[in-house]
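Derivation of every value follows stated rules applied to the coordinates shown; laboratory data play no part. Values in this document were obtained by computation on a predicted structure and should not be read as measured data. Note that we place each Cβ from the backbone using ideal geometry, even for glycine, and neighbour counts take in every protein chain shown.
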Amino acid sequence: MAKILVSACLLGVECRYKGDSVPCQEIIALKDRHTLIPVCPEQAGGLPTPRIPSERVGDKVISKDGRDVTAEYDKGAKTALYLAKELDVDFAILKANSPSCGKGTIYDGSFTGGKCDGNGVTADLLIQNGIPVFTEEELDKISQAFS
């Protein structure tokens, strides 16, 4: 039985910037065989729900209204890392494309829906600390690696 850190929005928690969730039934079903640990780094960093959308621009995270929210994203990432270490998670499943949770591809900072190569702040920190990160778009890799 694995311990899995999961973006709370993928488990049905209405914590995304719009105040909604994107439940993924395949991930929710993992609770029958594994321990799922929900986390919303944006909320953990002190941002409200709903909130103005933000995108990563280099090492900074900027909201659509131009506010620098990097400190909140960094705080949320550190909280997620703390949970992952304290609870000895095996890996994380995070929300694709997110400025916090995205892995491999994130929104490009133009607020036009464009994407670029990169990781979200939380995904980066977890990976740097040796915690494997997957997104909901990589469920096939999860089942191969951890079944």
* Structure fact -> Within the stretch 100-126, the residues that are within 16 Å of residue 136 (Cα to Cα) and of a type in the set (Val, Ile, Thr) are 105, 106, 122
* On the given criteria, is residue 75 of a type in the set (Lys, Arg) and touching a Leu at 6+ places or on another chain (Cβ under 7 Å)? -> no
* To do: With the checklist (1) part of a loop (DSSP other than H, G, I, E, B); (2) over 20 Å from residue 136 (Cβ atoms) in hand, flag the one item residue 85 doesn't pass.
  => (1)
* To do: Give the stretch 55-64 a look and list any residue that's surrounded by fewer than 20 Cβ atoms within 10 Å (Cβ to Cβ), outside any loop (DSSP other than H, G, I, E, B) and not hydrophobic (A, V, I, L, M, F, W, C), or say none.
  => 60, 63
* Please work out if residue 80 is part of a helix (DSSP H, G or I) and buried (at least 23 other Cβ atoms within 10 Å of the Cβ). => yes
* **Unique residue being in contact with a Cys (Cβ under 7 Å, 6 or more places away or on another chain), without any contact (Cβ under 8 Å) to a residue 40 or more places away in the chain and either of a type in the set (Val, Ile, Thr) or more than 14 Å from residue 4 (Cα to Cα) (or both) when the list is 43, 128** => 43
* Of all residues in the stretch 98-147 being in contact with a Ser or Thr (Cβ under 6 Å, 6 or more places away or on another chain) and part of a helix (DSSP H, G or I), the one that is surrounded by the most Cβ atoms within 10 Å (Cβ to Cβ) -> 122
* Among the residues of the stretch 81-111, which ones are among the small types (Gly, Ala, Ser) and touching a helix residue (DSSP H, G or I) at 6+ places or on another chain (Cβ under 9 Å)? -> 84, 92, 96, 98, 100, 102, 104
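So is residue 67 buried (at least 18 other Cβ atoms within 10 Å of the Cβ) and more than 18 Å from residue 128 (Cα to Cα) or not?
So residue 67 does not fit the description; no.
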